[in-house]
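Visitor: One structure follows; several queries about it will come next.
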Amino acid sequence: MSGSPLIVLDRVCKQYGTTPVLRDCSLAVARGEIVVVCGPSGSGKSTLIKTVNGLEPYQSGSVRFDDEEVGARGTDLPRLRTRIGMVFQSFELYPHMTALRNVMLAQVHALGRSRAEARERALALLARVGLTERAEAYPADLSGGQQQRVAIARALALDPVAMLFDEPTSALDPEMINEVLDVMTALARDGMTMVVVTHEMGFARKVADRVVFMDEGRIVEDRPAAEFFAAPATERAKTFLSKII
Ligand code: ADP
Ligand code: MG
């Protein structure tokens, strides 16, 4: 295993037309590290994490994943994306497939696993997210929290080396948030490298190694979680925290 950080952003800039969305963003995430990204709506959080798996192109700077330049012309993005699991706010499960088949699908298509192998792995992952009993259920018959846990199992099914989460609990009813955060906490404890965009500051306090605070396309704070919560360095972060905690 290499000692260099798994994810390295170096002075990444991105703009839509003339509007800057990422301004000189630099960030390094070590293997096994948990980084929480927070900040006001529109500050560039989603755009930032999507540069890591090549879902958002950027105009300048560099994004490296496991020593490979994501934006380079020769980069095999489909292969890269099998190594980086992504979970969105909207679960985006296939509605016509059971939970089990949702978790099996990409294993067969992207990794070429046999159906038997994919099924075995899917059942193990559904057990890990507490959904053994619901393996044969369709998304419409699952609660939001259950659907998001299936989405996490689906992302894990490709054996990613890192997981990106973009506000995974924002669309959930309050009583379902914890069941999803508990799965994420267990994953973090198991040593997964995770970048998590979230405003769940309880989770950040408990689980994050570092907190990154973004505002207007800039990373304005990047500090150990305990320090960030004890005393945010910037007024913008203080104001943000006072509004959401
Ligand atoms: P966040 O996730 O922090 O809410 P985003 O990364 O989604 O922020 O968006 C950052 C900025 O980029 C916002 O100002 C948003 O309006 C703008 N933006 C996002 N997607 C597009 C797009 N496809 N075209 C133009 N502007 C966009
Ligand atoms: Mg967003």
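Visitor: Report the GluC sites (Glu not before Pro) located in the stretch 83-186 that are in a DSSP loop and have at most 10 other Cβ atoms inside 10 Å of their Cβ, or state none.
Guide: When the GluC sites (Glu not before Pro) of the stretch 83-186 are filtered for loop state and at most 10 Cβ neighbours within 10 Å, E136 remain.
Visitor: Determine the calculated [θ] at 222 nm for the chain from helices alone, applying -39500 (n - 2.57) to every DSSP H run no shorter than 4 residues and normalising by the residue count; nearest 500 deg cm²/dmol.
Guide: Details: 9 runs with 93 residues, N = 245.
It comes out at -11500 deg cm²/dmol, rounded to the nearest 500.
Visitor: Step through the residues of the stretch 94-102 one at a time and calculate ³J(HN,Hα) from phi using the Karplus curve (6.51 cos²θ - 1.76 cosθ + 1.60, θ = phi - 60°), rounding each to whole Hz and writing x for Gly and Pro.
Guide: Values, residue by residue: 6, x, 8, 10, 5, 3, 4, 5, 4 Hz.
Visitor: What's the exposure ranking of F240, F213, going from fewest to most Cβ atoms within 10 Å?
Guide: Working: F240 22, F213 25.
In order of increasing Cβ crowding within 10 Å: F240, F213.
Visitor: Can you sort Y138, Y58, Y16 so the residue with the fewest Cβ neighbours within 10 Å comes first? It would help to have the intermediate numbers written out before the result.
Guide: Values: Y138 16, Y58 23, Y16 8.
Ranking Y138, Y58, Y16 by Cβ neighbours within 10 Å, fewest first, gives Y16, Y138, Y58.
Visitor: Could I ask something else about it? Counting pairs of alpha carbon atoms under 8 Å apart in space and at least six apart in sequence, what relative contact order in percent does the stretch 103-215 give?
Guide: Working: 99 pairs, mean separation 27.3, N = 113.
Averaging sequence separation for qualifying contacts and normalising by length gives 24 percent for the stretch 103-215.
Visitor: With just the Cα atoms defining each centre, how far is the stretch 172-243 from the stretch 1-32? Give it in Å.
Guide: 18
Visitor: Same structure again: Looking at the chain, send over the antiparallel percent of its DSSP beta bridges, to the nearest 5.
Guide: The answer is about 55 percent antiparallel.
Visitor: Can I ask one more? How charged is the neighbourhood of P232? Take every other residue with its Cβ under 10 Å from the Cβ of P232, and add Lys/Arg as +1 and Asp/Glu as -1.
Guide: After counting each charged neighbour, the total is 0.
Visitor: I want to check a number: in the chain, how many lysine pairs have alpha carbons closer than 25 Å, given a sequence separation of 8 or more or different chains?
Guide: 8
Visitor: How high is the relative contact order of the chain? Use alpha-carbon pairs under 8 Å, at least six apart in sequence, and give a whole percent.
Guide: Relative contact order comes out at 26 percent.
Visitor: To make sure I understand, if each residue's beta carbon is the centre and we count other beta carbons within 10 Å, what order do T132, T193, T18, T185 fall in, fewest to most? Walk me through the numbers before you get to the answer.
Guide: Details: T132 11, T193 21, T18 5, T185 15.
By the 10 Å Cβ count, ascending: T18, T132, T185, T193.
Visitor: Suppose a student asked you for the relative contact order of the stretch 151-197, using Cα pairs under 8 Å spaced at least 6 residues apart; what percent would you report?
Guide: After rounding, I find 55 percent.
No value in this document is a laboratory result; all are computed from the given coordinates. Please read these numbers as outputs of a predicted model, since none were measured by experiment. Glycine gets a Cβ as well: all are built from the backbone with ideal geometry, and neighbour counts include every protein chain shown.
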